[in-house]
1. I need the full set of residues from the range 123-134 which are under 20 Å from S171 (Cβ atoms), open to solvent by less than 60 Å² (accessible area, probe 1.4 Å) and assigned to a helix (DSSP H, G or I), in order please.
2. I want to confirm something. Restricting to the range 320-335 and keeping residues that are open to solvent by 90 Å² or more (accessible area, probe 1.4 Å) and of a type in the set (S, T, N, Q), which single residue is farthest from S268 (Cα to Cα)?
3. Can you tell me which of (1) open to solvent by 30 Å² or more (accessible area, probe 1.4 Å); (2) part of a helix (DSSP H, G or I) is the one A120 doesn't meet?
4. Hey, could you check the range 90-114 for residues that are of a type in the set (A, V, I, L, M, F, W, C) and over 21 Å from R143 (Cα atoms) and say which is modelled with the highest pLDDT?
5. Among the candidates A297, A262, A255, A303, which residue alone is open to solvent by 50 Å² or more (accessible area, probe 1.4 Å) and touching a Ser or Thr at 6+ places or on another chain (Cβ under 7 Å)?
6. With (1) part of a helix (DSSP H, G or I); (2) under 21 Å from E182 (Cβ atoms); (3) among the charged types (D, E, K, R) as the list, and R214 as the residue in question, which single condition is left unmet?
7. Within the range 118-132, which residues are within 19 Å of N167 (Cα to Cα) and among the hydrophobic types (A, V, I, L, M, F, W, C)?
8. Output yes when any residue across the range 269-287 is in a helix (DSSP H, G or I), open to solvent by 40 Å² or more (accessible area, probe 1.4 Å), over 30 Å from Q312 (Cβ atoms) and out of contact with any strand residue (DSSP E or B) (no Cβ under 9 Å at 6 or more places or on another chain), and no when none is.
Amino acid sequence: MKQTTWPGRSDGSRFKALPLWSAKGGSHSDLHRTKHGNRTAASRSSSTDRRDYSTLPVELVTKIGLTLSHPSLSAASLACKTWCEALQQLRQAMMYMRWGKRFKHGRGGVSRNTDKALDAFLMGAACGSPMAMVDAGLIYWERGLKEKAVALYQKAAELGDPAGQCNLGISYLQAEPPNPKEAVKWLYCASYDGHTRAQYQLALCLHQGRGVNRNIQEAARWYLKAAEGGYLRAMYNVSLCYKFGEGLVRSYSQARKWMKQAADCGHSKAQYEYGVALFSKQEKMKAVVYLELATRAGESAAAHVKNVILQQLSATSRDHVMCIVDNWRASSSSS
């Protein structure tokens, strides 16, 4: 479902360091106590290093395993027999996940097959992998089987998976009828764990007062967190926050910085607005590059401004600009 990028404008919108110990000022007995203390600390450290982690409860080991990548999971399984046995199910889930990804994207020498991908993800989910639950849920969602998708998102969310929490929150926003309060609860969980899409969605809810009291300042902070994490739409919104002084102190330099970053990452509206800003500063060549990119991305308003500038350029300059655009690649972002 297409979501609104920018809501309507707001109507109102000692510690002191401890002194270092001086060898000159300390007595012989002080020095003796210090050395004795160091031996004791070393003994404690050695004792700590010899702790038997194989005695940890299986449930705790499994919970740790849920947060690990495949290489880390494999390494953890070598720690001891107990860990190897406790993490067996998750290692199996990782194998199913890898096959699921191959079938979903047609990689690794196999043809694209979403049915086989779904089967693999469901087997991974049965082994307790929240990541597999999310991937299976995505396929169900794309097929319109939203109840099955939400059930899997719920399981992953309860296991603490940020992607599951984010998808569950968005599902509540898009439900009929929507449940914005429950959505905000799960979006907060994922946002505090650093999930950039959740941070952006939470910022929108705070900006619109959806499921939570309207709070422009907090919304701007979450936009900024998501933007700093590489979320494309958040970059554009942060630029607007700085430009209009909504939730952030007005700063035209910061607004330009974030608008350019969004444009460089492929945000079509940002490309159009940044192109117009460059034109206003008589940077015509650069302006045409961004305006042409915006035009190709479907921003019809950009075409008119671009054509006006092109008439002012020589044929050589026009060819050079189009060559730049043809070879342009967006900077990486998480959206």
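The values are calculated or read from the model by the stated rules, or taken from the named source; none is laboratory data. From a predicted model like this one, the values you see are computed outputs, not experimental measurements. When we count neighbours, we look across all protein chains shown, and the Cβ atoms used for this are built from the backbone with ideal geometry, even at glycine. For the accessible areas, the whole protein counts, side chains as well, though only heavy atoms, and no ligand, DNA or RNA atoms are used. Shrake-Rupley method; radii C 1.70, N 1.55, O 1.52, S 1.80 Å.
1. Residues satisfying the conditions are A125, P130, A132, M133, V134.
2. N327
3. (1)
4. Across the range 90-114, the extreme among qualifying residues is V110.
5. One residue alone meets the criteria, A297.
6. The single condition R214 does not satisfy is (1).
7. Answer for the range 118-132, where residues must be within 19 Å of N167 (Cα to Cα) and among the hydrophobic types (A, V, I, L, M, F, W, C): L118, F121, L122, A125, M131, A132.
8. no
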